[in-house]
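Trainee: Got a structure for you, written out below as structure tokens; questions coming shortly.
The values are calculated or read from the model by the stated rules, or taken from the named source; none is laboratory data. Small disclaimer: the values here were computed from a predicted structure and weren't measured. All Cβ positions, even for glycine, are placed from backbone atoms using ideal geometry, and neighbour counts span all protein chains on display. Only protein heavy atoms, including side chains, enter the accessible area calculation; ligands, DNA and RNA are left aside. Shrake-Rupley method; radii C 1.70, N 1.55, O 1.52, S 1.80 Å.
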Amino acid sequence: MRLVFAGTPEVAVPALDALLASGRHEVAAVVTRPDAPAGRGRRLIASPVAERAMEAGIEVLKPNRPRDEDFLTRLREIAPDCCPVVAYGALLPRVALDVPAHGWVNLHFSLLPAWRGAAPVQHSVLAGDEITGASTFLIEEGLDSGPVYGTVTEQIRPTDTSGDLLTRLAFAGAGLLAATMDGIEDGTLKAVPQPAEGVTLAPKINVEDAHVDWSAPALRVDRLVRACTPAPGAWTVFRGERLKLIQVAPAPERTELVPGRLSVGKNDVFVGTGSYAVELMWVQAQGKKPMRAADWGRGARIGDGESLGG
């Protein structure tokens, strides 16, 4: 088939690579979000998908909105048979959805209908799911509600961060998306409507959502830290400034600390929660680089009775 691939962040690059390597389909162009300011100088930087497409010599389309007439005109000129999508980052209007004969097929990082929305991996970690996966589905105008072509499953490990899990899903999902294109092309794959039951939503997790509540149980604190790593980053307050929490570890043997109370040893730092304590493993103080929590604790000279959380 003749394809136009839509995607923006690094997590979409493995799928683009899989389609380029398949040898069965032609990636005629890539659609991605416009260049965005990044770094201290706030220079405009092309998306990872745009960079990969340019390396491969593929035409790159960067519409401000996918309903822009210039973009729609060019899309019709390219005349794709299908448009595979991975984390493009903009809503596609009906006028764009109608262009390819086989529609736009999205690779979504959950087992639909679970975790429809912008942050499925973060919510699956936060909820304590043991299994997640990726799904390919035909995009409709509803939120991740279209019929499903295929799925792959992935176990969530006890120490997985969202970043760890998303990296594995990006590569497993790349193979699924390529296989979905093959099945659509040869007519052996039909999309199946999603069941009405089992729908859960996964809205974007913002900075305020990542604020740790130390009265919550230790397992909830651990899941929040892992779900928010690498972004937006779980945090708390210490001496009036934000302290980013990069890694914690539940410590069920420490039950004596009240929520938020710090206990600093020579080589460890514990903090109380609503159940038992967690050990702080890696933290990042405001204006500092990430460091081991024990080094931070020694440097901060934490006194008896000090707490996290303000």
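Trainee: Looking at segment 98-120, which of the residues that are open to solvent by less than 10 Å² (accessible area, probe 1.4 Å) and among the aliphatic types (A, V, I, L, M) is farthest from Asn206 (Cα to Cα)?
Mentor: By that ranking, first place goes to Val105.
Trainee: Could you list, in sequence order, the residues of segment 258-299 that are crowded, with 17+ Cβ neighbours inside 10 Å and aliphatic (A, V, I, L, M)?
Mentor: Leu262, Val264, Val269, Val271, Ala277, Val278, Leu280, Val283, Ala285, Ala293, Ala294
Trainee: Select from segment 1-19 the residues that are more than 21 Å from the chain's Cα centre (by Cα) and in a strand (DSSP E or B) and write down the one among them that is surrounded by the fewest Cβ atoms within 10 Å (Cβ to Cβ).
Mentor: Arg2
Trainee: Is it fair to say Leu138 is closer than 21 Å to Val192 by Cα and surrounded by fewer than 24 Cβ atoms within 10 Å (Cβ to Cβ)?
Mentor: Working: closer than 21 Å to Val192 by Cα: yes; surrounded by fewer than 24 Cβ atoms within 10 Å (Cβ to Cβ): yes.
Taking the combined requirement at face value, the residue satisfies it.
Trainee: If you don't mind, another one. Identify, from the list Leu75, Leu107, Leu91, the residue that is assigned to a loop (DSSP other than H, G, I, E, B) and of a type in the set (A, V, I, L, M).
Mentor: Numbers: Leu75 fails: assigned to a loop (DSSP other than H, G, I, E, B); Leu107 fails: assigned to a loop (DSSP other than H, G, I, E, B).
Within the list Leu75, Leu107, Leu91, the selection yields Leu91.
Trainee: Kindly indicate the residue of segment 215-228 that is among the hydrophobic types (A, V, I, L, M, F, W, C) and assigned to a helix (DSSP H, G or I) and also most open to solvent (accessible area, probe 1.4 Å) among those meeting that condition. Break it down into steps so the answer makes sense when it comes.
Mentor: To start, the set of residues in segment 215-228 that are among the hydrophobic types (A, V, I, L, M, F, W, C) comprises 216, 218-219, 221, 224-225, 227-228.
With assigned to a helix (DSSP H, G or I) added as a condition, the list becomes 218-219, 221, 224-225, 227.
Details: Ala218: 0, Leu219: 88, Val221: 3, Leu224: 20, Val225: 2, Ala227: 0 Å².
Per the stated criteria, the residue is Leu219.
Trainee: Would you confirm whether any residue within segment 238-257 is closer than 16 Å to Glu306 by Cα and among the hydroxyl-bearing types (Ser, Thr, Tyr)? Explain how you work it out, then say what you get.
Mentor: Keep residues of segment 238-257 that are closer than 16 Å to Glu306 by Cα, which gives 238-243, 256-257.
Subsequent filtering for residues that are among the hydroxyl-bearing types (Ser, Thr, Tyr) retains none.
No, every residue in segment 238-257 fails to be closer than 16 Å to Glu306 by Cα and among the hydroxyl-bearing types (Ser, Thr, Tyr).
Trainee: Farther than 25 Å from Val30 by Cα and either hydroxyl-bearing (Ser, Thr, Tyr) or part of a strand (DSSP E or B) (or both), is that true of Thr136?
Mentor: Values: farther than 25 Å from Val30 by Cα: no; either hydroxyl-bearing (Ser, Thr, Tyr) or part of a strand (DSSP E or B) (or both): yes.
In short, no.
Trainee: Right, next: Would you say Arg157 is in a loop (DSSP other than H, G, I, E, B), open to solvent by 20 Å² or more (accessible area, probe 1.4 Å) and among the basic types (Lys, Arg)?
Mentor: yes
Trainee: Considering only segment 58-97, state which residues are among the small types (Gly, Ala, Ser) and open to solvent by less than 60 Å² (accessible area, probe 1.4 Å).
Mentor: Step one: of segment 58-97, the residues among the small types (Gly, Ala, Ser) are 79, 87, 89-90, 96.
Matches in segment 58-97: Ala79, Ala87, Ala90, Ala96.
Trainee: Let me ask another. Residue by residue through segment 22-42, note down the ones that are in contact (Cβ under 8 Å) with a residue 40 or more places away in the chain and open to solvent by 10 Å² or more (accessible area, probe 1.4 Å). Talk me through it step by step, then tell me what you get.
Mentor: From segment 22-42, those in contact (Cβ under 8 Å) with a residue 40 or more places away in the chain are 22, 24-25, 28-29, 31-33; that's our starting set.
Ser22, Arg24, His25, Ala28, Arg33 - these are the residues of segment 22-42 that are in contact (Cβ under 8 Å) with a residue 40 or more places away in the chain and open to solvent by 10 Å² or more (accessible area, probe 1.4 Å).
Trainee: Output the number of residues of segment 83-122 satisfying the condition of being within 12 Å of the chain's Cα centre (by Cα) and farther than 23 Å from Glu10 by Cβ.
Mentor: Total meeting the criteria: 0.
Trainee: Residues of segment 229-272 being within 27 Å of the chain's Cα centre (by Cα), part of a loop (DSSP other than H, G, I, E, B) and closer than 18 Å to Ala293 by Cα, which ones?
Mentor: Thr229, Pro230, Gly233
Trainee: Among the residues of segment 20-48, how many are in a helix (DSSP H, G or I) and either within 19 Å of Leu166 (Cα to Cα) or under 19 Å from the mean Cα position of the chain (by Cα) (or both)?
Mentor: Of the residues in segment 20-48, the ones in a helix (DSSP H, G or I) are 20-22, 48.
Add one more test, that the residue is either within 19 Å of Leu166 (Cα to Cα) or under 19 Å from the mean Cα position of the chain (by Cα) (or both), and what stays is 48.
So the count comes out to 1.
Trainee: Out of (1) outside any loop (DSSP other than H, G, I, E, B); (2) free of Cβ contacts under 8 Å to residues at least 24 places away in the same chain, what's the single condition that is false for Lys289?
Mentor: (1) is the only condition that Lys289 fails.
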